[in-house]
């Protein structure tokens with residue numbers, strides 16, 4: 001998939017003050033990664049540190065927090081990783097999911113998508129003929145159960 005960037009508004013924890021940055025859309029990145037100085041300027045607190053595996057196989061430890069993110073008028077609180085100043089800001093998959101945004105790689109843009117709600121699928125499976133038929137599974141001979 002080709003890469004592209006979007007205007008990402010990053011907010012303070014109360015959602016009152018935002019700064020706009022250009023972030024690379026990266027569905028291969030789990031979390032949104034932003035310069036630590038930006039997050040500190042917005043008074044975002046790191047509530048944990050986490051280990052991350054980089055593309056080259058190395059492991060690093062970075063601070064981890066939550067704050068407001070806004071893209072095209074869609075806003076919500078999202079996890080964020082405090083990263084080095086020289087690193088390119090990345091918009092990760094978790095933030096995209098939280099904002100119900102998908103990637104249109106052909107037109108290089110973000111598009112609204114419906115969120116997937118698995119409990120609804122589980123209920124549908126129970127209530128329809130799609131549920132598994134355990135009576136169709138052949139029984140094992142008792143001798144095969146002994147180890």
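Each reported figure results from applying straightforward, stated rules to the coordinates on display, with no laboratory input. Keep in mind that what you see is a predicted model, and the values were worked out from it rather than measured. For neighbour counting, all protein chains shown are included, and Cβ atoms are generated from backbone atoms with ideal geometry for every residue, glycine included.
Would you mind ranking 22, 86, 97 so that the residue whose beta carbon has the fewest other beta carbons within 10 Å leads the list? Each step should come with its number before you reach the end.
Details: 22 11, 86 6, 97 15.
Taking fewest neighbouring Cβ atoms as first place, the list is 86, 22, 97.
Rounded if a/c is under 1.5, else prolate if a/b beats b/c, else oblate: with a ≥ b ≥ c from the C-alpha gyration tensor eigenvalues square-rooted, which is the stretch 5-116? Write down the numbers at each step before the final one.
Numbers: a/c = 1.66, a/b = 1.16, b/c = 1.43.
Oblate shape, in that a/c is at least 1.5 and b/c is the bigger or equal ratio.
Please order 24, 53 by the number of other Cβ within 10 Å, starting at the fewest. Before the final figure, lay out the partial values.
On the way: 24 16, 53 10.
Listing 24, 53 from fewest to most nearby Cβ atoms yields 53, 24.
Once the Cβ-Cβ distance between residue 24 and residue 117 is put in as r, and R0 is 30 Å, what FRET efficiency do you end up with, to the nearest 0.05? Walk me through the numbers before you get to the answer.
Working: r = 29 Å, r/R0 = 0.96.
For residue 24 and residue 117, the calculated efficiency is 0.55.
Using a basic spin-label model with each label point 7 Å from the Cα along Cα→Cβ, how many nm lie between residue 40 and residue 107?
4.1
Using the 10 angstrom Cβ neighbour count as an exposure proxy, how do 91, 99, 38 rank, fewest first? It would help to have the intermediate numbers written out before the result.
Values: 91 29, 99 21, 38 17.
Ordered by Cβ neighbours within 10 Å, fewest first: 38, 99, 91.
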